[in-house]
Amino acid sequence: MYSGFMSTADRLVESTRELLWERGYVGTSPKAILERAGAGQGSMYHHFKGKPDLALAAIRRTAEEMRATAEGALGGPGTPYERIEAYLLRERDVLRGCPIGRLTMDPDVIASDELRAPVDETLDAVRELIAGIVEEGKEQGLFGPALDGEEIAATVLATVQGGYVLARASGSPAAFDAGVRGLLSLLAPPARGGTGCTPCSTS
């Protein structure tokens, strides 16, 4: 299942990441981890102290991946609006959901300060990045001066995470797409160089 060049430790982390996404912490048994990783019995305890230690490594890797993906979209070329648009419209497996969002709904992860920390830190980092981009857009006159960067950033994350839930509930990505389109229409800068109105026919 995994590349032959991947170390046993990496295979264990990757299999744990996938199982946490699919089954949650309780449903991710050491046996299932070893079977998916193609690792021998005892491998987990050779590389990690136990399931909690391995789960922490897996959650940290998932958090790092999400943060890097967000930074790639939000740190790309374009205006502040276009960068937020790129983040919202980036390719996602909407019906599978968000691996970080999945962890926030796992009571065993949330109950552990250590396991929850990478999740909190990643969401905070993405939120701060978006807030900074909104403030940058305000300085450029692209966003209204009344917009609050922190509130808009929270709205962006809520739209994404809520969109995953609605899409999974309906079995269709349409709800996610509708939420994204709605948010982008509210954030869209006013048209420049004209009246701001679209042409219409009059009688």
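Residue-wise test of (1) assigned to a helix (DSSP H, G or I); (2) within 25 Å of Ile133 (Cβ to Cβ); (3) open to solvent by 40 Å² or more (accessible area, probe 1.4 Å); (4) at pLDDT 95 or above.
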{"residue": "Gly4", "(1), (2), (3), (4)": "no, no, yes, no"}
{"residue": "Leu34", "(1), (2), (3), (4)": "yes, no, no, no"}
{"residue": "His46", "(1), (2), (3), (4)": "yes, no, yes, no"}
{"residue": "Arg61", "(1), (2), (3), (4)": "yes, no, yes, yes"}
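Screening Ile110 on (1) open to solvent by less than 10 Å² (accessible area, probe 1.4 Å); (2) over 19 Å from Arg181 (Cα atoms) shows it passes everything except condition (1).
The residue pairs whose first member lies in the stretch 159-182 and is under 24 Å from Glu82 (Cβ atoms) and open to solvent by 40 Å² or more (accessible area, probe 1.4 Å), whose second member is part of a helix (DSSP H, G or I) and at pLDDT 95 or above, and whose beta carbons are closer than 7 Å, counting only pairs six or more residues apart or on different chains, are Pro173/Ala167.
From the list Gly149, Gly132, Gly137, the lone residue that is over 30 Å from Glu14 (Cα atoms), surrounded by 14 or more Cβ atoms within 10 Å (Cβ to Cβ) and touching an Asp or Glu at 6+ places or on another chain (Cβ under 8 Å) is Gly149.
Restricting the stretch 79-134 to residues that are within 15 Å of the chain's Cα centre (by Cα) and hydroxyl-bearing (Ser, Thr, Tyr) leaves a set whose member that is modelled with the lowest pLDDT is Thr104.
Within this structure, Pro189 passes the test of being modelled with pLDDT under 95 and at negative phi.
The set of residues in the stretch 108-152 that are polar (S, T, N, Q) and closer than 14 Å to Pro80 by Cα contains only Gln140.
The values are calculated or read from the model by the stated rules, or taken from the named source; none is laboratory data. Fair warning: this is a prediction, and the values are worked out from it, not measured in the lab. Ideal geometry is used to build each Cβ from the backbone, glycine not excepted, and the neighbour counts take in all protein chains shown. Only protein heavy atoms, including side chains, enter the accessible area calculation; ligands, DNA and RNA are left aside. Shrake-Rupley method; radii C 1.70, N 1.55, O 1.52, S 1.80 Å.
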